[in-house]
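The values are calculated or read from the model by the stated rules, or taken from the named source; none is laboratory data. Keep in mind it's a predicted model, so treat the numbers as computed, not measured. Methodologically, a virtual Cβ is constructed for each residue, glycine included, from the backbone with ideal geometry; neighbour enumeration extends over all protein chains shown.
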Ligand SMILES: [Mg+2]
């Protein structure tokens, strides 16, 4: 069973909802009305040892930071600000005190950086491997929440940064070799210590220019497919427009991989993916000059279904158009980047 089928099966069994629930299963966060003007955003993510991280190369402090960043990224996906966090920590009975000290320092430091307070949780014995679950609660104005379901045909598809870095970094770790190119350490850092784009997300939500938004955690191919399905539209992505970190090709040459595969299927980018009216592109680009972020137009929303990647728009022919719907990371099947995500 694929991850989205599993989620759909559970969703069908849930109750009919509550008057305060504005968004349940199916977006980056659940959205609950707090006051007439504000909402709470709730999200939870788990990292499991040997599936999502490998302690032989993941320093505990950076792992603590990553648990926070991947959850806060889901708050950013709606345009919100993180406020509180709860941690469930599963550790073997003979856990290492020094490892825990480093992990805790990373976790609490990242909470402070993102402005959220750790307010509780649970600690349990996990005999086989470490299991790290964080719940984050965020807040924002109700009228500014950016859902996945707002994309419209004709919209431009934007991403907030270069893609594929973390996937390349993980493959470099897994290869056990590192070419003598210092800049490639940035790829490994992208896997070890990702950053949630909260500041940009809040700016975009406040702008009123964005129709739909989510964060990129399972790869553009899968995440854009979710956004399209929720919006009842399709998308066309131009490979040549995908923002590339200059050294990705060097890593791809070294490992004999296709950099485009990392960019569309690798996962763990934690950049923002959003759509907006093309008539507002200049306004968006002007807005971004107010902060240190960048945004890149990578394609368009179209009528219909599915996500298509166009590799060479200069030549006609079906070989240059590839259906990449849901070709990213799936937690329960080995598709695309899954093989590279599972040590
Ligand atoms: Mg997400």
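Within segment 12-57, the residues that satisfy the criterion of being free of Cβ contacts under 8 Å to residues at least 60 places away in the same chain and within 16 Å of the ligand (Cβ to nearest atom) are 24, 25, 30.
Of everything in segment 59-94, what is surrounded by 19 or more Cβ atoms within 10 Å (Cβ to Cβ) and more than 19 Å from the chain's Cα centre (by Cα)? Give them in sequence order. It would help to see each step written out before you state the result.
Within segment 59-94, the subset surrounded by 19 or more Cβ atoms within 10 Å (Cβ to Cβ) is 60-82, 85, 87, 89-91.
Of everything in segment 59-94, those that are surrounded by 19 or more Cβ atoms within 10 Å (Cβ to Cβ) and more than 19 Å from the chain's Cα centre (by Cα) turn out to be 60, 61, 87, 89, 90, 91.
Scanning segment 212-236 for residues that are over 22 Å from residue 74 (Cβ atoms) and either within 16 Å of the ligand (Cβ to nearest atom) or touching a helix residue (DSSP H, G or I) at 6+ places or on another chain (Cβ under 7 Å) (or both) yields one hit, 234. Might you let me know whether segment 274-285 holds any residue that is outside any loop (DSSP other than H, G, I, E, B), out of contact with any strand residue (DSSP E or B) (no Cβ under 7 Å at 6 or more places or on another chain) and within 30 Å of residue 183 (Cβ to Cβ)? Yes: one or more hits. Inside segment 95-126, residues that are assigned to a strand (DSSP E or B) and under 30 Å from residue 38 (Cα atoms) make up a count of 6. In segment 193-204, the qualifying residues are those that are within 19 Å of residue 136 (Cα to Cα) and not in a loop (DSSP other than H, G, I, E, B), and the one that is nearest to the ligand (Cβ to nearest atom) is 201.
Looking only at segment 307-332, residues that are within 27 Å of the chain's Cα centre (by Cα) and modelled with pLDDT under 85 come to 7 in all. Evaluation of residue 220 against the conditions (1) surrounded by fewer than 23 Cβ atoms within 10 Å (Cβ to Cβ); (2) closer than 28 Å to residue 69 by Cα shows that the sole unmet condition is (1).
Residue-wise test of (1) in contact with a strand residue (DSSP E or B) (Cβ under 6 Å, 6 or more places away or on another chain); (2) crowded, with 23+ Cβ neighbours inside 10 Å; (3) touching a residue at least 60 places away in the same chain (Cβ under 8 Å).
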residue	(1), (2), (3)
236	yes, no, yes
241	yes, no, no
250	no, no, yes
254	no, no, yes
261	no, no, yes
265	no, yes, yes
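For residues that are assigned to a helix (DSSP H, G or I) and touching a strand residue (DSSP E or B) at 6+ places or on another chain (Cβ under 6 Å), scanning just segment 1-29, find the one that is nearest to residue 147 (Cα to Cα). So the residue we want is 11.
Only one residue in 65, 129 is touching a strand residue (DSSP E or B) at 6+ places or on another chain (Cβ under 9 Å) and either in a strand (DSSP E or B) or not assigned by TED's automatic domain parsing to the domain that holds residue 197 (or both). Which one?
On the way: 65 fails: touching a strand residue (DSSP E or B) at 6+ places or on another chain (Cβ under 9 Å).
On inspection, the qualifying residue turns out to be 129.
Filtering segment 250-257 for residues that are more than 15 Å from the ligand (Cβ to nearest atom), in the same structural domain as residue 276 (by TED's automatic domain parsing), at pLDDT 95 or above and at negative phi leaves an empty set. Residue check: residue 242 meets all listed conditions (1) under 19 Å from residue 311 (Cβ atoms); (2) modelled with pLDDT under 90 but one, namely (2). Would segment 84-94 turn up any residue that is at pLDDT below 95, within 16 Å of the ligand (Cβ to nearest atom) and not in a helix (DSSP H, G or I)? Scanning segment 84-94 turns up no residue that is at pLDDT below 95, within 16 Å of the ligand (Cβ to nearest atom) and not in a helix (DSSP H, G or I). Checking each residue in segment 163-184 for being modelled with pLDDT under 90 and surrounded by fewer than 16 Cβ atoms within 10 Å (Cβ to Cβ) picks out 176, 177, 178, 179, 180, 181, 182, 183.
Please state which one of 215, 193 is over 17 Å from residue 284 (Cβ atoms), buried (at least 23 other Cβ atoms within 10 Å of the Cβ) and not assigned by TED's automatic domain parsing to the domain that holds residue 73. Give the derivation first.
On the way: 193 fails: buried (at least 23 other Cβ atoms within 10 Å of the Cβ).
From the options 215, 193, the qualifying one is 215.
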